[in-house]
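Asks: One structure coming up, written as structure tokens, with questions to follow.
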Amino acid sequence: MIKTIIFDNHGVITSSTAEGADEKFADFLGVDLDRFNKVWGSLEGIVDEGKMTSDDFLKNLLHRTNCHKDLSDFKKIYFGSYFPKLDVQDFAKELGKSFEIVLLTNYGDSFRYVNGRSWHLEKIFGDKIFVSAELKMRKPHKDIYQYVLDKIGKKPEETVFIDDNPKFIKTAKELGMHTILFESLDQVKKNLEEILVSQGQSLQTQGLSL
């Protein structure tokens, strides 16, 4: 039986870097998108594991792209470039009436600031928000998935993990979790219903619409 739905943040509950934020950042830094993605990719794992502050992350992006613009201006763009996916958030709220819902996000030490400023995801997930930088571990490493499972007291097969990153999905699947690779809300609803039916459950019997 499915008891818990675990959501990713960027790309699922809120927009991802690839949904327009990367172009804004590259434009601010004065580099092409390929150059930006290489520099970003070399640093994001470090900040996501809490081994670098978000301020130092942004400073490094400025330095490595030879950009001499002001850090405070970069922070305004950085913190203001991710938007909530309201349709997915509304669906998560509805699921929360019948299932335990959890957020597991790879994010630096600025998550609580950005969430308090823009997203207010605690209104959806309560205190079941797990942030990689705070835990000093990140997806796709198995330890962070197991940590969350232990904290919520669920077996892998009692959970559904929703993420837009195939690498993160792969680890969850290896641990025995049901998984959905996020592409659209309609597709998630369809895939979730298929998983629930396989367990003798259904969104409709839970009073939820497809």
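The values are calculated or read from the model by the stated rules, or taken from the named source; none is laboratory data. Note that the coordinates shown come from a computational prediction; the quantities given were computed from them, not determined experimentally. Neighbour counts are summed over all protein chains in view; Cβ atoms, including those assigned to glycine, are modelled from backbone coordinates with ideal geometry.
Asks: Taking the residues in segment 14-51 that are under 19 Å from the mean Cα position of the chain (by Cα) and of a type in the set (Val, Ile, Thr) as candidates, determine which candidate is surrounded by the most Cβ atoms within 10 Å (Cβ to Cβ).
Replies: VAL47
Asks: Of all the residues that make up segment 1-37, how many are of a type outside the set (Phe, Trp, Tyr), in a helix (DSSP H, G or I) and either touching a helix residue (DSSP H, G or I) at 6+ places or on another chain (Cβ under 7 Å) or at negative phi (or both)?
Replies: Qualifying residue count for the region: 14.
Asks: Over 30 Å from VAL197 (Cβ atoms), assigned by TED's automatic domain parsing to the domain that holds GLY176 and not aliphatic (A, V, I, L, M): is that true of GLY108 in this structure?
Replies: Yes.
Asks: Related question: Collect the residues in segment 56-103 that are among the β-branched types (Val, Ile, Thr) and either more than 30 Å from LEU149 (Cβ to Cβ) or over 20 Å from the mean Cα position of the chain (by Cα) (or both), keeping them in residue-number order.
Replies: As a first pass, look at segment 56-103 and keep what is among the β-branched types (Val, Ile, Thr): 65, 77, 88, 101-102.
Hits for segment 56-103 are THR65, ILE77.
Asks: Going through segment 167-210 one residue at a time, which ones are touching a residue at least 12 places away in the same chain (Cβ under 8 Å), closer than 16 Å to MET1 by Cα and in a loop (DSSP other than H, G, I, E, B)?
Replies: Across segment 167-210, the qualifying residues are GLY176, MET177, GLN199, GLY200, GLN201, LEU203, GLN206.
Asks: Tell me which helices (runs of 4 or more DSSP H) are completely within segment 38-149 and hold 2 or more residues being out of contact with any Lys or Arg (no Cβ under 7 Å at 6 or more places or on another chain) and touching a residue at least 60 places away in the same chain (Cβ under 8 Å), or say none if there are none. First the steps, then the outcome.
Replies: Values: elements: 54-64, 71-79, 86-95, 111-114, 122-125, 132-135.
Output list reads 86-95, 132-135.
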